[in-house]
Amino acid sequence: MKRKNLLGMSQDEIMALIEAIGEKPFRGKQLYHQIYERHELDFDQMTELSKSFRARLKEEFVVLVPQVTRRSEAADGTLKYLFRLEDGRHVEAVFIPEADRDTLCISSQVGCNVGCRFCMTAQMGLIRNLKPEEILGQVMAIVKERGLVRGSYSIVFMGMGEPLQNYKNVMQSFRILIDPLGMSLSHRKVTISTSGFVPVLKKMQQEEVFPNLAISLNATTDETRTSIMPLNERWGIEELMATCREFPIEPRRRIMFEYVMIKGITDSDDDARRLVRLLKGLHPKVNLIPYNPNPGLPYERPTEQRIIAFRQILVDNNVAVFMRRTRGDDIAAACGQLAYLEQKTPVAEGA
Ligand code: SAH
Ligand code: SF4
């Protein structure tokens with residue numbers, strides 16, 4: 001019989017499983033703590049648990065992270081990880097080291113079906129949602145390999161996939177990430193980036209705790225946005241911005257708007273001025289992302305001059321704007337460049 005993977009399970013789920021094998025539920029609590037707080041994946045090393053309990057656990061369960069099949073390091077230290085999942089599919093995650101804190105950029109789906117024209121992941125279509133064990137598995141594998149300590153890193157769901165299309169599993173992972181008995185990250189250190197699924201954003205407003213939001217706005221008129229992000233046809237800019245305004249005050253303060261600057265399409269001075277108007281009253285942060293060119297896609301990055309002029313208009317209008325140096329672009333690890341296209345070939349059974 002296949003042993004059950006405990007990774008990705010909540011404390012209640014682990015306690016229920018432990019009870020089901022005839023053990024006391026509090027032992028499940030201890031086990032949960034060992035896995036998520038101590039990052040311990042090997043039952044033999046969980047020496048705070050009794051020997052007999054550990055032996056029992058080994059019979060029934062495993063704690064497994066996806067296998068790292070490739071690591072590419074960029075000149076600037078950014079590391080791209082390729083993970084092989086149980087069914088032979090692959091996803092990518094990126095580790096971005098920085099002086100004050102590290103960032104892990106993780107995936108929520110294999111591929112994506114939102115179809116943004118400029119994005120490499122879109123070329124894959126959607127293959128499937130990631131399970132909580134696969135989402136947390138990316139974090140756990142990198143945290144363990146790099147020896148990261150709690151509080152020293154942030155997590156952004158900006159890898160492959162649209163997190164709000166896999167809401168249940170993403171939120172289960174989020175709850176474990178921020179659980180003080182789990183991975184105990186501050187909820188301010190987890191950011192979900194979305195292309196703007198309004199109904200799911202509304203659902204998120206009902207949650208007791210939710211992560212930081214990053215909204216991929218990317219354009220300032222419905223016409224342009226629809227032409228590069230087809231989902232804008234369903235939920236236009238006005239509706240999206242109105243939904244952002246509905247977020248309770250504290251989290252609303254931290255909403256980040258991502259804006260991909262594409263030459264001749266989203267980078268004009270008029271765009272910058274419209275962006276200022278759209279963001280009025282939101283206390284936003286704008287993340288300007290100069291387009292990362294992808295092979296086969298017709299889009300280009302604006303000139304440095306254009307980017308600076310655009311940025312200046314935001315600054316002059318007191319919009320908080322930051323532009324991260326593009327990281328990892330020599331290994332195609334930058335925003336919107338994650339796509340493991342080889343997997344378009346069907347994976348053989350048992351491969
Ligand atoms: N699906 C989510 C999260 C993953 S994409 C979302 O769309 O928000 C993360 C960010 O990368 C998004 O802001 C997206 O607009 C941006 N992006 C996609 N392709 C890009 C590219 N080629 N160059 C720069 N940014 C890109
Ligand atoms: Fe999907 Fe985000 Fe890429 Fe759009 S930008 S296709 S939502 S991953």
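Counted by Cβ distance under 13 Å from LEU278, the other residues give a net charge of +1, where Lys and Arg count +1 and Asp and Glu count -1.
The C-alpha atoms of the chain define a longest principal axis, and helix 11-20 lies at about 30 degrees to it.
In a DSSP loop and with at most 15 other Cβ atoms within 10 Å, the trypsin sites (Lys or Arg not before Pro) in the stretch 207-251 are ARG234. Residues considered: GLN165, GLN34, GLN206. Largest GNM mean-square fluctuation over the chain, using C-alpha springs under 10 Å, is found at GLN206. Surface analysis of the chain yields an accessible area of 45 Å² per residue, using protein heavy atoms and a 1.4 Å probe.
Comparing Cα centroids, the stretch 198-249 and the stretch 251-299 end up 14 angstrom apart. Per-residue accessible area (protein heavy atoms, 1.4 Å probe) orders THR191, THR47 as THR47, THR191, starting from the largest.
Between the alpha-carbon centres of the stretch 24-48 and the stretch 94-160 there is a gap of 25 Å.
When you filter the trypsin sites (Lys or Arg not before Pro) in the stretch 1-108 for DSSP loop state and at most 14 other Cβ atoms inside 10 Å of their Cβ, you are left with LYS2, ARG3, ARG38, ARG101. Heavy-atom accessible area for ARG324, with the other protein chains in place and a 1.4 Å probe, reaches approximately 90 Å². Amide hydrogen proximity for GLU300: with H placed 1.01 Å from N in the peptide plane, the residues at 5 or more positions away or on another chain lying under 5 Å are LYS263. For the chain, the longest piece that avoids every one of the GluC sites (Glu not before Pro) found in DSSP loops with at most 15 other C-beta atoms within 10 Å covers 99-206.
Of the trypsin sites (Lys or Arg not before Pro) in the stretch 256-289, the ones in a loop by DSSP (not H, G, I, E or B) with at most 16 other beta carbons within 10 Å are LYS263, LYS280.
First compute the accessible area of the chain with a 1.4 Å probe, then give the percent of it belonging to carbon and sulfur atoms.
Working: 7670 of 15730 Å².
Reported share for carbon and sulfur atoms: 49 percent.
The values are calculated or read from the model by the stated rules, or taken from the named source; none is laboratory data. Values in this document were obtained by computation on a predicted structure and should not be read as measured data. For neighbour counting, all protein chains shown are included, and Cβ atoms are generated from backbone atoms with ideal geometry for every residue, glycine included. Side chains are part of the model used for accessible areas, which takes the heavy atoms of the whole protein and leaves out ligands, DNA and RNA. Shrake-Rupley method; radii C 1.70, N 1.55, O 1.52, S 1.80 Å.
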